[in-house]
Amino acid sequence: MTTNWWRDAVIYQVYIRSLADGSGDGVGDIAGIRSRLPHFADLGVDALWITPWYPSPMADGGYDVADYRDIDPLFGSLDDAQRLIEEAHDAGLRVIIDLVPNHTSDQHPWFKDALSGHRRDRYVFREGRDGGPPNDWRSVFGGPAWTRVDDGTWYLHLFAPEQPDLNWDHPEVRAEFESIIRWWLDRGVDGFRIDVAHGLVKDPALPDLGADREDIAEPPRRADHPHWDREGVHEVYRSWRAISDSYAGERVFVAEAWVAKPERLANYVRPGELHTAFNFDFLRCSWHAGRLRAVIDSSLHALGAVGAPATWVLSNHDVVRHVTRYGRAQHTGPRHDPDEPVDLAVGLRRARAAVLLMLALPGSAYLYQGEELGLWEVEDLPVSVLQDPTWQRSGHTVRGRDGCRVPLPWSGDEPPFGFGGGGAWLPQPAEWAMLTAQSQKDDPGSMLNLYREALRIRRAHEAFGDGTMTWLDSPEGVLVFARDPGVICVVNLSADNFPIPDHRGVLLSSVPISGTVPPDAAVWLTV
Ligand code: GLC
């Protein structure tokens, strides 16, 4: 029976190094995830997406994979992974794993071969130009995208030098990933999140980027970008879809594709291609009614045109946590200024309203671990503990993404707050004592209970999830929309109280409500 579960699923992102540590070495692992299955089931999510757990030198937190068919000993063993998949299924949770096809680790056997002069055709090696790299491309983490090897030739890495880009024009590369996908599907995973799905295929002429090279970490502005969002990636995904369709149990793909506009994103989820794609326009949008409404409309329009559900996401392991983003006066994603002051109380209040908005929209949603606890970005980590390659590669000018990767606080009054028995690989703020899962569990007004209630209602009420929505009249700064049958969502982003529309009952509100919806608050009503 087809359930199309993925069209309205709520998927919880596990950043494995920071969820929970079962082995006592200070780093999260599979045993830690297994120990927290009751948390996910109680929260009411449908699936977990687990970030890379493969053997890796950890130059980029595991996004540098040395062996795609095993588990890093830091995280456990293949048996542990198998057990987790089975236990998750028993708890009613599906498991999506991270697939990293754009690049391998420099410790992958293929790259070691290439360095010793054999089979370089599976990567992108080129002669230099005028004593420098072959072209002007930049690494997303800073510095040139090329590194020179002993014999004077250069190899391409759009990320760290420890992450050489694969050559997707090579049939062996394609065959290998098809085999890896089958290997994990045979082990029972329910799907894959595709890392850098917009990057695999490059223009073989490797033309200079010119003025566009400084914006390398932004979605491409031009149509014919030589390494982002090229037409050629779609052929790869059509072949993958044929594989997942040949398995029972509705196995799915979600694309991480940073592209210029919703129509480009929709190309990834056309019939016969991937199932869903992250909606980074929503994540990057500021706390502004008009702009959010425009993003919602354009997303639903573009994705609906190809028959795909929309997805919604507020945070992940690569961006500043949204409590902090929304707590800044500019409250933006893309041009985030870390020196601007943050009002965490405002950020938290908006985050509560934002999750009611997100979970009321048609489609599926992604939660990032810790957002259900209201965690903020840790922006004052001592530089001595920073591990994100961005910090080194930017010449110590950009701190990078460690601030959203601080290990989760589960219980107790002191670090590591029940994360594990052996400390935590990044220091946790002492104030997180008030944000532990344990301290929020019995507090009806906590963020954790808002998430639980919202997910419970969303699951029970047929108006939510996949489907359509209708905007209702509202003043500037207020979003009001209906979901059939019989639900209205109001989100007040203005500075004034908004009178509650006629209704039968209040399903849930982000703050206590009587008569009006106050600024930075949201409510779900039955009508
Ligand atoms: C994706 C991941 C990010 C990683 C990069 C390179 O953007 O989300 O964490 O650094 O790919 O693999």
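The values are calculated or read from the model by the stated rules, or taken from the named source; none is laboratory data. Only a predicted model underlies this, so the values are computations on that prediction, with no experimental measurement involved. As a convention, Cβ positions derive from the backbone with ideal geometry for all residues, glycine included, and neighbour counts pool all protein chains shown. Accessible surface areas use protein heavy atoms only, side chains included; no ligands, DNA or RNA. Shrake-Rupley method; radii C 1.70, N 1.55, O 1.52, S 1.80 Å.
Out of all the residues in the range 47-58, is one or more within 16 Å of the ligand (Cβ to nearest atom), surrounded by fewer than 20 Cβ atoms within 10 Å (Cβ to Cβ) and outside the structural domain of ALA114 (by TED's automatic domain parsing)?
Yes.
State all residues of the range 377-432 that are buried (at least 18 other Cβ atoms within 10 Å of the Cβ) and among the β-branched types (Val, Ile, Thr); if no residue qualifies, say none.
VAL378, THR390, VAL406
For the range 218-226, does any single residue satisfy the condition of being surrounded by 21 or more Cβ atoms within 10 Å (Cβ to Cβ), at pLDDT below 95 and touching an Asp or Glu at 6+ places or on another chain (Cβ under 6 Å)?
Yes, some residue in the range 218-226 is surrounded by 21 or more Cβ atoms within 10 Å (Cβ to Cβ), at pLDDT below 95 and touching an Asp or Glu at 6+ places or on another chain (Cβ under 6 Å).
Which residues, counting only those in the range 28-44, are surrounded by 24 or more Cβ atoms within 10 Å (Cβ to Cβ) and either in contact with a Lys or Arg (Cβ under 8 Å, 6 or more places away or on another chain) or of a type in the set (A, V, I, L, M, F, W, C) (or both)? Working first, answer last.
The first filter runs over the range 28-44 and keeps only residues surrounded by 24 or more Cβ atoms within 10 Å (Cβ to Cβ), leaving 28-30, 32-33.
Within the range 28-44, GLY28, ILE30, ILE33 meet the criteria.
I'd like the full set of residues that are of a type in the set (D, E, K, R) and within 16 Å of the ligand (Cβ to nearest atom), limited to the range 233-262.
Just the residues of the range 233-262 that are of a type in the set (D, E, K, R), to begin with: 235, 238, 241, 245, 250-251, 256, 261.
If the condition is that a residue be of a type in the set (D, E, K, R) and within 16 Å of the ligand (Cβ to nearest atom), then GLU256 is the only one that fits.
Hey, among VAL95, VAL65, which residue is more than 16 Å from the ligand (Cβ to nearest atom), at negative phi and within 19 Å of the chain's Cα centre (by Cα)? It would help to see each step written out before you state the result.
Values: VAL65 fails: more than 16 Å from the ligand (Cβ to nearest atom).
VAL95 is the lone residue from the list that is more than 16 Å from the ligand (Cβ to nearest atom), at negative phi and within 19 Å of the chain's Cα centre (by Cα).
Restricting to the range 238-291, name every residue that is closer than 19 Å to SER315 by Cα, under 19 Å from the mean Cα position of the chain (by Cα) and in a helix (DSSP H, G or I).
PRO262, LEU265, PHE280, ASP281, PHE282, LEU283, ARG284
When the residues of the range 155-169 are narrowed to those that are more than 16 Å from ASP60 (Cα to Cα) and open to solvent by 30 Å² or more (accessible area, probe 1.4 Å), which ends up farthest from the ligand (Cβ to nearest atom)?
My answer is ASP169.
PRO271 is checked against (1) exposed (fewer than 14 other Cβ atoms within 10 Å of the Cβ); (2) closer than 26 Å to SER179 by Cα; (3) within 16 Å of the ligand (Cβ to nearest atom) and fails just one. What number does that condition carry?
Among (1) exposed (fewer than 14 other Cβ atoms within 10 Å of the Cβ); (2) closer than 26 Å to SER179 by Cα; (3) within 16 Å of the ligand (Cβ to nearest atom), the lone unmet condition for PRO271 is (3).
Conditions: (1) part of a helix (DSSP H, G or I); (2) under 22 Å from TYR366 (Cα atoms). GLU431 meets all but one. Number of the miss?
If we test GLU431 against (1) part of a helix (DSSP H, G or I); (2) under 22 Å from TYR366 (Cα atoms), just (2) comes out false.
For the structure I just gave you, tell me whether GLN107 is polar (S, T, N, Q), in contact with a Lys or Arg (Cβ under 7 Å, 6 or more places away or on another chain) and in contact (Cβ under 8 Å) with a residue 40 or more places away in the chain. Lay out the reasoning, then the answer.
Values: polar (S, T, N, Q): yes; in contact with a Lys or Arg (Cβ under 7 Å, 6 or more places away or on another chain): no; in contact (Cβ under 8 Å) with a residue 40 or more places away in the chain: yes.
No; evaluated as a whole, the condition is false for this residue.
For the condition of a type outside the set (Ser, Thr, Tyr) and either within 15 Å of the ligand (Cβ to nearest atom) or closer than 30 Å to ASP42 by Cα (or both), what is the one hit in ASP121, ASP79, ASP151, ASP136?
Going through ASP121, ASP79, ASP151, ASP136 in turn, the sole match is ASP79.
Across the range 205-221, what is the total count of residues that are closer than 20 Å to GLU263 by Cα and either free of Cβ contacts under 8 Å to residues at least 24 places away in the same chain or outside any loop (DSSP other than H, G, I, E, B) (or both)?
0
Criterion first (farther than 22 Å from VAL254 by Cα and either in the same structural domain as ARG251 (by TED's automatic domain parsing) or touching a helix residue (DSSP H, G or I) at 6+ places or on another chain (Cβ under 8 Å) (or both)) does ARG148 satisfy it? Steps first, please.
On the way: farther than 22 Å from VAL254 by Cα: yes; either in the same structural domain as ARG251 (by TED's automatic domain parsing) or touching a helix residue (DSSP H, G or I) at 6+ places or on another chain (Cβ under 8 Å) (or both): no.
So ARG148 fails the test.
Can you find a residue that is over 17 Å from ASP195 (Cβ atoms), touching a residue at least 12 places away in the same chain (Cβ under 8 Å) and within 16 Å of the ligand (Cβ to nearest atom) anywhere in the range 126-133?
No, the range 126-133 contains no residue that is over 17 Å from ASP195 (Cβ atoms), touching a residue at least 12 places away in the same chain (Cβ under 8 Å) and within 16 Å of the ligand (Cβ to nearest atom).
Here are some residues: LEU265, LEU300, LEU292. Which one is farther than 30 Å from TRP183 by Cα, open to solvent by less than 40 Å² (accessible area, probe 1.4 Å) and either in contact (Cβ under 8 Å) with a residue 12 or more places away in the chain or within 16 Å of the ligand (Cβ to nearest atom) (or both)?
Details: LEU265 fails: farther than 30 Å from TRP183 by Cα; LEU300 fails: open to solvent by less than 40 Å² (accessible area, probe 1.4 Å).
The match here is LEU292.
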